[in-house]
Amino acid sequence: MDDISESYLRITRRGLLEAGTAAVGLVGFAPEVLAAAKDSASAERMAVTLEVNGTSHQLNLDPRTTLLDALREHLALTGPKKGCDHGQCGACTVLLDGRRINSCLTLAVLHDGQPITTIEGLAKDHHPHPLQTAFVEHDGFQCGYCTSGQICSAVGMLAESRAGMPSVVTEDLAQPQPALTEAEIRERMSGNICRCSAYPNIVAAIKQVAGTPV
Amino acid sequence: MREFSFARAASPAQAASLAASSSTRFIAGGTNLLDLMKLQVETPTRLVDINRLPLDRIEDTPDGGLRIGALVRNSDLAADSRVRQHYGVLSRALLSGASAQLRNKATTAGNLLQRTRCVYFYDITMPCNKRTPGSGCAALQGINRMHAIVGASDQCIAVHPSDMAVAMRVLDATVEAMDATGRNRAIPIAEFHRLPGQTPQIESTLKQGEIITAVVLPPPPPGVQVYRKVRDRASYAFALVSVGAVVDVADGRIRSARFAFGGIAPKPWRVPQAEALLHGVAPTNASFDAAGQAALAGARGYGGNDFKIALARRTLHAVLTQATRT
C-alpha cells in the first residue's frame with residue numbers, strides 16, 4: 001500500500017495530461033488535482049485563424065495542437081484520418097496552399113491564415129470532385145479509412161505533375177513535362193498506405209482522371 | 001508532447017538570438033522534430049517558428065553556382081530546372097527520400113539537421129548515448145541491420161539518414177550560418193556533420209545560437225551524375241546503402257571521379273583516397289573494385305549489418321558502371 005501511495009504522489013500534472021482521456025487513470029485523484037490539470041491544459045493558448053475549405057475559423061489553441069487535431073477535434077472535420085500520427089501512412093493528407101502535406105506532422109499555429117483544403121472541401125456545388133467519382137467507379141477502397149488521404153494526395157499529385165515536377169522514377173530529369181505513367185503514379189503515391197491493398201483500383205481511378213491510357 | 005512556448009522570428013539574426021538556449025529548437029517543416037517531440041525524444045521548452053523568414057529562394061551565384069535558401073522545400077529544390085539540368089545527383093537524391101507529402105514540407109536546412117532513425121534513439125525506454133549521454137548503446141548488441149559500418153564509435157553506431165546530404169557532400173556544398181550579431185560563417189559540408197566519438201549527442205559543428213541561412217553549391221562539376229539508393233522497399237524507405245557520384249570520362253580514361261555513400265555512416269561518407277585511385281585510369285571492373293576496396297577499408301559490421309560492407313562495394317560498382325557507360 002505504501003508503494004502505491006508513493007507512486008500516486010510521484011504522478012505529475014503533466015503525467016496526468018499525457019494519460020489523455022482514459023477515465024480509469026483519474027480514479028483516486030483528489031478534485032483539486034483534477035482542477036489543476038484543467039488549468040494547465042487551458043494555459044498559454046494561442047489565437048490562430050485557420051482558413052479551411054473557404055471558411056475562416058478563429059481558434060484559441062494549445063500550441064501543441066497538430067493541424068490534424070485542430071481539424072478533427074476543434075472543427076469537426078473528420079475526413080482527414082489519424083492513422084499512424086507520425087507521417088508514415090498518409091491518412092491525414094490535406095492540401096496546404098494546394099500542396100499535399102501530412103497534417104499530423106505540423107502544428108496548427110504554423111498555418112495561421114494559410115488556405116487549407118480537406119476532403120470535405122473538394123466537392124463543388126454538390127458535385128463530387130472527379131477523383132471522388134473515379135474512386136467510386138473503380139472501387140478504389142475497401143474499408144475506406146485511407147481514402148480521404150488517398151484522394152487529397154492524388155489531387156496534390158496531379159497538380160505537381162501538371163507543374164512538371166519529376167519523381168525518382170523519371171528517367172530524364174531535364175525533361176520539363178514527364179509523362180504520368182503507371183510507374184510514376186505508383187511512385188508519386190507512395191506516401192499513402194492502404195491496409196486493404198486496394199492499390200490496383202486506386203491507380204486505375206487516378207489514371208482515369210489523369211488521362212493516362214489504361 | 002511536452003509543453004513549450006512558441007515564438008515567431010522576424011529576422012535570421014533574431015531567430016539566432018532566440019535560440020541561445022539549448023532547450024530551444026527552430027521549427028520549419030517540422031516533419032522530423034514533431035515526430036520526435038510526440039515521442040518525447042525531443043523535449044524543447046521553446047519553439048521558434050522560422051517559416052516567415054525570407055530564406056526560401058534559390059539564387060544564381062556570380063561564379064555559376066546556386067545559393068539555396070535554408071527554407072527551400074525539398075520538393076521545390078528537386079523540381080528546380082537548374083538543379084534538374086546541372087545537379088541531377090541532388091535532384092535524384094531528394095526525390096528518393098521520404099514521400100511527396102514530407103518533401104513538400106521538409107526544408108534544406110532541416111534535412112541536413114535531421115536526426116538518426118536508429119530505433120533505440122527513438123525508443124525512450126532503451127539506452128542511447130545520443131539521446132541520453134552515458135546511458136549506453138542498445139544498438140551495439142541489438143538489432144543493428146540499419147546501422148553504420150564506418151565512422152561509428154563504441155558509444156554510437158547510428159547512421160545519418162539523409163539522401164540530400166550525400167549529394168551535397170559529393171557536390172562540395174558549403175553551409176552558411178548566421179549568429180545573433182548577424183555575422184555569417186561558411187562551413188564546408190565535409191566539416192558540417194561530426195562523427196560520434198565519445199560525444200554522439202553532438203552531431204554538427206553548428207553552434208548553439210547559430211541558424212543556417214543557406215547552402216551554396218559551387219558551379220556544376222563536369223561529368224555524369226548518378227544517385228542510387230538500395231532499400232527494403234521500392235519507395236519511401238531509408239537507405240540501406242546509397243551512392244551519389246559524379247564521374248567525368250574522356251578518351252577512355254576517367255578524368256575525375258567523386259563519390260559519397262549514404263546509409264553506412266554517421267555522416268555522408270566520402271573517401272578521397274579511393275576517388276584518387278580512379279583518376280587517369282580506364283573505367284574497368286578492376287579499377288572500380290580497387291576503388292570499392294579502398295572506400296570500405298576498415299569497415300566493420302555489428303552482426304545485423306555485416307551485409308552492408310559487400311552491398312556498399314557492389315552499389316558503388318554499379319554506380320560507377322552506370323556513370324561511365326557510353
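Answer yes or no: is there a residue in segment B:301-316 that is surrounded by fewer than 21 Cβ atoms within 10 Å (Cβ to Cβ), part of a strand (DSSP E or B) and in contact (Cβ under 8 Å) with a residue 60 or more places away in the chain. No: zero hits.
Mind listing whichever residues of segment A:163-206 are of a type in the set (Asp, Glu) and either at the interface with chain B (Cβ under 9 Å from one of its Cβ atoms) or in a loop (DSSP other than H, G, I, E, B) (or both)? Of everything in segment A:163-206, those that are of a type in the set (Asp, Glu) and either at the interface with chain B (Cβ under 9 Å from one of its Cβ atoms) or in a loop (DSSP other than H, G, I, E, B) (or both) turn out to be A:Glu171, A:Asp172, A:Glu187. Taking segment A:40-86 as the range and being of a type in the set (Gly, Ala, Ser) and not in a strand (DSSP E or B) as the test, the residues that pass are A:Ser40, A:Ala41, A:Ser42, A:Ala43, A:Gly54, A:Ala70, A:Ala76, A:Gly79, A:Gly83. Suppose the filter is hydrophobic (A, V, I, L, M, F, W, C), assigned to a strand (DSSP E or B) and surrounded by 14 or more Cβ atoms within 10 Å (Cβ to Cβ); does B:Val281 pass it? So B:Val281 fails the test. Look at (1) within 13 Å of chain B (Cβ to nearest Cβ); (2) touching a residue at least 40 places away in the same chain (Cβ under 8 Å) and you find that A:Val209 fails only one, number (1). Selection of helices (runs of 4 or more DSSP H) fully inside segment B:92-132 by the criterion of at least 3 residues being within 18 Å of the chain's Cα centre (by Cα) returns B:100-105, B:108-113.
Among residues belonging to segment B:237-258 that are assigned to a strand (DSSP E or B) and within 14 Å of chain A (Cβ to nearest Cβ), point out the one that is nearest to A:Glu187 (Cα to Cα). Ranking the candidates gives B:Ser242 first.
Considering only residues in segment B:209-236 that are part of a strand (DSSP E or B) and among the basic types (Lys, Arg), the one that is farthest from the other protein chains (Cβ to nearest Cβ) turns out to be B:Arg228.
Among the conditions (1) among the hydrophobic types (A, V, I, L, M, F, W, C); (2) facing chain B (nearest Cβ under 9 Å); (3) part of a loop (DSSP other than H, G, I, E, B), A:Met157 misses just one, which is (3).
All of (1) in contact with a helix residue (DSSP H, G or I) (Cβ under 8 Å, 6 or more places away or on another chain); (2) modelled with pLDDT of 95 or more hold for A:Phe29 with one exception: (2). Selection of first residues in segment B:100-117 that are within 11 Å of another protein chain (Cβ to nearest Cβ) and of a type in the set (D, E, K, R) and of second residues that are part of a loop (DSSP other than H, G, I, E, B) and surrounded by 24 or more Cβ atoms within 10 Å (Cβ to Cβ), restricted to Cβ pairs under 6 Å at least 6 apart or on distinct chains, gives the following pairs, ordered by first then second residue: B:Lys105/B:Gly29; B:Lys105/B:Thr31.
On the stretch given as segment A:73-108, residues that are among the aliphatic types (A, V, I, L, M) and buried (at least 24 other Cβ atoms within 10 Å of the Cβ) total 6. If you go through segment B:37-68 and keep only what is buried (at least 22 other Cβ atoms within 10 Å of the Cβ) and either within 21 Å of B:Ala98 (Cβ to Cβ) or at the interface with chain A (Cβ under 9 Å from one of its Cβ atoms) (or both), you end up with B:Leu47, B:Ile50, B:Leu55, B:Ile68. Of all residues in segment A:96-106, none are within 14 Å of chain B (Cβ to nearest Cβ), part of a loop (DSSP other than H, G, I, E, B) and of a type in the set (Lys, Arg).
The C-beta contact set for segment B:254-265 (first residue polar (S, T, N, Q), second residue surrounded by fewer than 24 Cβ atoms within 10 Å (Cβ to Cβ), distance under 6 angstrom, 6+ apart or interchain) comprises B:Ser256/B:Asp248.
Residues that are more than 14 Å from B:Ala177 (Cβ to Cβ) and either aliphatic (A, V, I, L, M) or part of a helix (DSSP H, G or I) (or both) within segment B:1-16 comprise B:Met1, B:Ala7, B:Ala9, B:Ala10, B:Gln14, listed in sequence order.
Please find, among B:Thr321, B:Thr326, the residue that is more than 30 Å from B:Gln141 (Cβ to Cβ) and modelled with pLDDT under 95.
Working: B:Thr321 fails: modelled with pLDDT under 95.
Being more than 30 Å from B:Gln141 (Cβ to Cβ) and modelled with pLDDT under 95 holds for just one of B:Thr321, B:Thr326, which is B:Thr326.
Taken over segment B:228-260, residues that are within 19 Å of B:Ile149 (Cβ to Cβ) and hydroxyl-bearing (Ser, Thr, Tyr) amount to 1.
For segment B:289-304, the set of residues classified as at negative phi, out of contact with any helix residue (DSSP H, G or I) (no Cβ under 7 Å at 6 or more places or on another chain) and small (Gly, Ala, Ser) consists of B:Ala290, B:Ala297, B:Gly304, listed by residue number.
Of the residues examined, A:Glu120 is one that is away from chain B (no Cβ under 12 Å), among the acidic types (Asp, Glu) and closer than 18 Å to A:Asn53 by Cβ. Any chance you could count how many residues in segment B:208-243 are of a type in the set (Gly, Ala, Ser) and more than 17 Å from B:Phe259 (Cα to Cα)? Qualifying residue count for the region: 5.
Are any of the residues in segment B:301-309 among the basic types (Lys, Arg), modelled with pLDDT of 95 or more and touching a Gly at 6+ places or on another chain (Cβ under 8 Å)? The answer is yes; a qualifying residue exists. If you go through segment B:4-23 one residue at a time, do you hit one that is over 22 Å from B:Glu210 (Cβ atoms) and within 12 Å of chain A (Cβ to nearest Cβ)? No - not one qualifying residue is present in segment B:4-23.
Criterion applied to B:Gly182, B:Gly151 was being modelled with pLDDT of 95 or more, under 20 Å from B:Gln114 (Cβ atoms), part of a loop (DSSP other than H, G, I, E, B) and of a type outside the set (Val, Ile, Thr), and the one residue passing it is B:Gly151.
Applying the criterion of being in contact with a helix residue (DSSP H, G or I) (Cβ under 9 Å, 6 or more places away or on another chain) and modelled with pLDDT under 95 to the residues of segment A:180-213, the residue that is farthest from B:His86 (Cα to Cα) is A:Pro213.
The values are calculated or read from the model by the stated rules, or taken from the named source; none is laboratory data. Because the structure is a prediction, the values reported are computed rather than measured. Heads up, the Cβs are rebuilt from the backbone with ideal geometry, glycines too, and the neighbour counts pull from every protein chain shown.
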